[in-house]
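The values are calculated or read from the model by the stated rules, or taken from the named source; none is laboratory data. All figures in this text were calculated on a predicted structure; none of them were measured in a lab. Heads up, the Cβs are rebuilt from the backbone with ideal geometry, glycines too, and the neighbour counts pull from every protein chain shown.
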């Protein structure tokens, strides 16, 4: 992933220096051990959708143009969308003191998780990253467990969350800059 990333990183203000440095690092194979180039790009895109930053989405889309196939782009969209619902619901279930809610069926349609159009492990990586951005511990735990069960290393799981963290930080820095300019 290259493209307009350097120009994007250079646009970060001094207070976001760490984000600028980390942005370039985590989007590389060396900076995200255990992940392939397409996994890194898909995780970054799903995280950008979750962070709700059109600028970050545009930068990630452009920089991953030769890396992600259309079904991977669609899976990143699907992960951001379905996890927006699931993260709210399962965070609710997890945070309530009344544990009876945990035994109640969710009654929410989630078929895309079983048939995401890409490998199950890659979709789980996207869903984990989105869950990290959205702050749902119950979902993060579930996706991390599924990924290790599928044969990914804990280092790969950590890499996915590091990408999500940096993408979210970039979106936050942009939001701050836009608000201060208004």
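On the stretch given as region 97-119, residues that are in a helix (DSSP H, G or I) and under 19 Å from residue 47 (Cβ atoms) total 2.
The residue pairs whose first member lies in region 1-25 and is closer than 14 Å to residue 55 by Cα, whose second member is at pLDDT below 90, and whose beta carbons are closer than 7 Å, counting only pairs six or more residues apart or on different chains, are 5/24; 9/24. Of the residues in region 82-92, none is in contact (Cβ under 8 Å) with a residue 60 or more places away in the chain, under 12 Å from the mean Cα position of the chain (by Cα) and part of a helix (DSSP H, G or I).
Scanning region 58-80 for residues that are at pLDDT 95 or above, in contact with a helix residue (DSSP H, G or I) (Cβ under 8 Å, 6 or more places away or on another chain) and in a helix (DSSP H, G or I) turns up 59, 60, 61, 72, 73, 75, 76, 77, 78, 79, 80.
Given the options 158, 146, 102, name the one that is surrounded by fewer than 17 Cβ atoms within 10 Å (Cβ to Cβ) and at pLDDT 95 or above. Result of the check over 158, 146, 102: 158.
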